[in-house]
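The values are calculated or read from the model by the stated rules, or taken from the named source; none is laboratory data. These numbers come from a predicted model, not from an experiment. We place every Cβ from the backbone using ideal geometry, glycine too, and count neighbours over all the protein chains shown. Surface areas here come from the heavy atoms of the whole protein model, side chains and all, with no ligands, DNA or RNA. Shrake-Rupley method; radii C 1.70, N 1.55, O 1.52, S 1.80 Å.
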Amino acid sequence: MHSMNRHAEMMHDILCQEAVKVGLPLIVQGPSGCASYHCCTEPLTDTADYTFELMSFDILLNSKLAEHGILVSTLSRMYPNILLDMQDVAWFSERVPAALAEMKELYDELV
């Protein structure tokens, strides 16, 4: 189980690092086994923080990730499994940059 959490945390780090590279606001919060991510700069602390606009951006991000083969929960969560290994982390790191770059373009058009 520790290995799964470590790999999930690596994937969260990749997501955050790549978002910084393209200038996309993105936060990953929560335990590694069920962390959520959102297109914003501060962690959500209240249900009121999850606005329609933020939900819309998260849905767009989910779509961009899916276009690059990364399937996530519709609740903007990444659920790892016990079989995750370094090959999965490498695969993830190869696909995330393009997905986030495309999302950043959409984000800039809509903001």
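Can you run down the residue pairs with Cβ atoms below 6 Å, 6 or more apart or on separate chains, where the first is in region 74-87 and among the hydrophobic types (A, V, I, L, M, F, W, C) and at pLDDT 85 or above and the partner is part of a helix (DSSP H, G or I) and crowded, with 18+ Cβ neighbours inside 10 Å?
Sorted first by the residue in region 74-87, then by its partner, the pairs are Leu84/His7.
Only one of Glu109, Glu105, Glu42 is closer than 28 Å to Met4 by Cβ, of a type in the set (Asp, Glu) and either without any contact (Cβ under 8 Å) to a residue 60 or more places away in the chain or not in a helix (DSSP H, G or I) (or both). Can you tell me which?
Glu42
Take Leu15 and tell me if it is assigned to a loop (DSSP other than H, G, I, E, B), closer than 20 Å to Glu94 by Cα, at pLDDT 95 or above and not aromatic (Phe, Trp, Tyr).
Against the criterion (assigned to a loop (DSSP other than H, G, I, E, B), closer than 20 Å to Glu94 by Cα, at pLDDT 95 or above and not aromatic (Phe, Trp, Tyr)), Leu15 does not qualify.
Quick one: how many residues across region 45-67 are surrounded by fewer than 12 Cβ atoms within 10 Å (Cβ to Cβ) and either touching a helix residue (DSSP H, G or I) at 6+ places or on another chain (Cβ under 9 Å) or more than 25 Å from Asn5 (Cβ to Cβ) (or both)?
Number satisfying all stated conditions: 5.
Among the residues of region 73-87, what is the count of those that are open to solvent by less than 70 Å² (accessible area, probe 1.4 Å) and under 17 Å from Val28 (Cβ atoms)?
Of the residues in region 73-87, 5 are open to solvent by less than 70 Å² (accessible area, probe 1.4 Å) and under 17 Å from Val28 (Cβ atoms).
Quick check, is Ala35 open to solvent by 20 Å² or more (accessible area, probe 1.4 Å), in contact with a helix residue (DSSP H, G or I) (Cβ under 9 Å, 6 or more places away or on another chain) and closer than 18 Å to Ile14 by Cα?
No, not satisfied.
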